[in-house]
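Some notes on the structure that comes next.
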Amino acid sequence: MRRHSSPFVASAASVVLAAVALTGCSAAAPSDDAASESPSADALVVYNAQHEQLTEEWVAAFTEETGIEVVLRHGSDSELGNQLVQEGEASKADVFLTENSPAMSLVENAGLFAPVDQATLDLVPATYRPSSGLWTGIAARSTVLVYNPELVDEAELPASLMDLANTEWNDRWGGAPGGADFQAIVSAMLELEGEAATETWLDAMGEHATVYQNNIATMKAVNAGEVPAGVIYHYYWFRDQEKTAENSGNTKLHYFGNQDPGAFVSVSGGGVLASSTHQDEAQQFLAFLAGEQGQTILGQGYSFEYPVSSGIPAKAPLPALDSLDAPAVDPSKLNGPQVIELMTNAGLL
Ligand SMILES: [Fe+2]
């Protein structure tokens with residue numbers, strides 16, 4: 001594995017970058033929301049690992065609609081998931097929101113979620129929520145290969161994500177294994193291809209891929225021609241294209257399709273903690289996110305993540321979610337702890 005180095009590496013800035021990377025793709029370091037300096041005891045406490053800007057848009061609209069105050073505590077998927085497991089029934093959290101499913105599974109497997117209201121589940125197609133009904137999908141994101149056409153011919157694009165372990169891709173691709181996004185992709189690979197194939201793939205990555213801090217750093221490196229291709233989620237590319245395309249203008253996206261692990265669609269989750277003393281308000285919040293208003297904010301805002309419910313379409317020019325030919329994976333089955341172990345063994349963490 002090559003660790004990407006830059007002029008920042010030996011400076012204090014690298015410490016800041018590392019902290020940012022740990023808290024998800026674009027989130028700031030863990031913090032309480034500044035807007036909630038003196039929350040009332042009735043306020044809903046949301047442990048938020050989704051992108052801060054999106055959740056803040058949701059909360060503003062929800063509070064306006066219902067008068068229910070919300071306090072946000074930001075962090076990464078694994079950080080907040082592990083915190084909830086540690087806190088157990090003593091947690092002050094009412095709701096948990098993530099970017100990806102493995103952290104939801106972690107909390108689900110610890111028996112800490114209350115069942116989601118059936119009316120909310122009914123808004124979300126079965127593909128985008130766990131069969132358990134103990135949490136629900138609130139957004140989705142697609143795995144893609146971002147590539148630089150100057151360095152990769154279209155004819156040589158890999159048919160499968162698994163092909164990146166083949167020798168022709170040695171030292172020609174990168175990713176951000178330290179982030180929950182990439183780890184979710186590996187968890188899908190583990191579920192679809194099994195442990196031996198995943199181990200082989202991770203070993204190849206450990207030896208022959210370049211490691212970046214996060215999705216944006218990966219995309220920038222491909223754009224700059226430092227590496228021919230990278231595994232990321234789709235929305236970073238579309239956001240950049242909508243702005244100035246300064247970090248993606250030299251790149252294209254390759255969708256694996258064909259129910260390949262590389263076509264994995266990761267479900268962002270929302271769940272109500274069983275220990276919450278605000279069950280009704282917490283269920284209202286989830287219903288709002290999955291409902292027309294919440295999904296419209298998601299579908300029309302800055303985010304470019306996919307709405308998953310209430311029939312709200314994806315933002316143009318995104319390809320429709322059901323056109324991506326994603327593999328069928330029950331989000332409840334994604335095993336975060338095993339992925340961490342395998343990635344650690346491969347020297348990636
Ligand atoms: Fe992200």
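Scaled against the 2.2 N^0.38 Å expected of a compact globular protein of N residues, the Cα radius of gyration of the stretch 244-312 reads 1.53. The mean sequence separation of alpha-carbon pairs under 8 Å and at least six residues apart, normalised by the residue count of the chain, gives a relative contact order of 26 percent.
Amide H contacts for THR210 (H built 1.01 Å from N in the peptide plane; partners 5 or more residues away or on another chain; cut-off under 5 Å): ARG2, TRP173, GLY174, GLY175. Enumerate by residue number the GluC sites (Glu not before Pro) in the stretch 126-174 meeting two conditions: DSSP loop (anything except H, G, I, E, B), and at most 11 other Cβ atoms within 10 Å of the site's Cβ. When the GluC sites (Glu not before Pro) of the stretch 126-174 are filtered for loop state and at most 11 Cβ neighbours within 10 Å, GLU150 remain. Taken over the alpha carbons of the stretch 203-349 as equal point scatterers, the Debye sum produces base-10 log I(q)/I(0) values at 0.12, 0.18 Å⁻¹ of -0.68, -1.27.
Distance from the Cα centroid of the stretch 68-86 to that of the stretch 269-338 is 17 Å (rounded to whole angstrom). The amide H of VAL45, built 1.01 Å from its N in the peptide plane, has VAL71, ASP94, VAL95 as neighbours under 5 Å, considering only residues 5 or more places off or on other chains. Heavy-atom surface analysis with a 1.4 Å probe gives the stretch 56-162 a carbon and sulfur content of 47 percent of its accessible area. Lysine pair count for the chain (Cα-Cα distance under 17 Å; residues 8 or more apart in sequence or on different chains): 4. Taking chymotrypsin sites (Phe, Trp or Tyr not before Pro) across the stretch 247-349, the ones in a DSSP loop with at most 16 further Cβ atoms lying within 10 angstrom of their Cβ are TYR302. Selection among THR244, PRO327, VAL70 by position relative to the dipole of the chain gives THR244 as farthest towards the positive end (Cβ unit charges, Cα centre). Across the stretch 251-266, computed HN-Hα scalar couplings (Karplus, 6.51 cos²θ - 1.76 cosθ + 1.60, θ = phi - 60°) run 10, 10, 9, 10, 9, 6, x, 6, 6, 6, x, x, 9, 4, 9, 8 Hz from first to last residue, x flagging Gly and Pro.
Dividing the C-alpha radius of gyration of the stretch 163-254 by 2.2 N^0.38 Å, with N its residue count, gives 1.09.
Using a probe radius of 1.4 angstrom, the carbon and sulfur fraction of the accessible surface of the stretch 182-248 is 43%.
For the stretch 211-259, the spread of Cα positions along the three principal axes, ordered from largest to smallest, is 31, 26, 17 Å. The GluC sites (Glu not before Pro) found in the stretch 171-280 that occupy coil by DSSP, while having at most 11 further C-beta atoms within 10 Å, are GLU246. The phi torsions of the stretch 321-337, fed into the Karplus equation with coefficients 6.51, -1.76 and 1.60 and a -60° offset, translate into couplings of 4, 7, 9, 8, 6, 6, x, 7, 9, 6, x, 5, 8, 6, 9, x, x Hz, rounded to whole numbers, with Gly and Pro shown as x. Averaged over its residues, the chain has an accessible area of 40 Å² per residue, based on protein heavy atoms and a 1.4 Å probe. In order along the stretch 121-130, the phi-based Karplus estimate (6.51 cos²θ - 1.76 cosθ + 1.60, θ = phi - 60°) of 3J(HN,Hα) comes to 4, 5, 6, 10, x, 4, 4, 10, 8, x Hz; Gly and Pro are listed as x. Using C-alpha pairs below 8 Å separated by at least 6 residues, the relative contact order for the stretch 29-150 is 24 percent. Pairs of C-alpha atoms in the stretch 129-175 farther apart than 14 Å represent 62 percent of all such pairs. Largest first and in whole Å, give the semi-axes of the chain's equivalent ellipsoid, each being the square root of 5 times a Cα gyration tensor eigenvalue. Here the semi-axes work out to 32, 21, 20 Å.
Ordering PRO102, GLN118, LEU161 by Cα displacement along the dipole of the stretch 100-188 toward the positive end leaves GLN118 in first place; charges were set at the Cβ atoms of Lys, Arg (+1) and Asp, Glu (-1).
The values are calculated or read from the model by the stated rules, or taken from the named source; none is laboratory data. Just so you know, these numbers come straight off a predicted model, no measurement behind them. In this analysis, Cβ positions are derived from the backbone assuming ideal geometry, glycine residues included, and neighbour counts consider all displayed protein chains. Heavy atoms of the whole protein, side chains included, go into the accessibility calculation; ligands, DNA and RNA do not. Shrake-Rupley method; radii C 1.70, N 1.55, O 1.52, S 1.80 Å.
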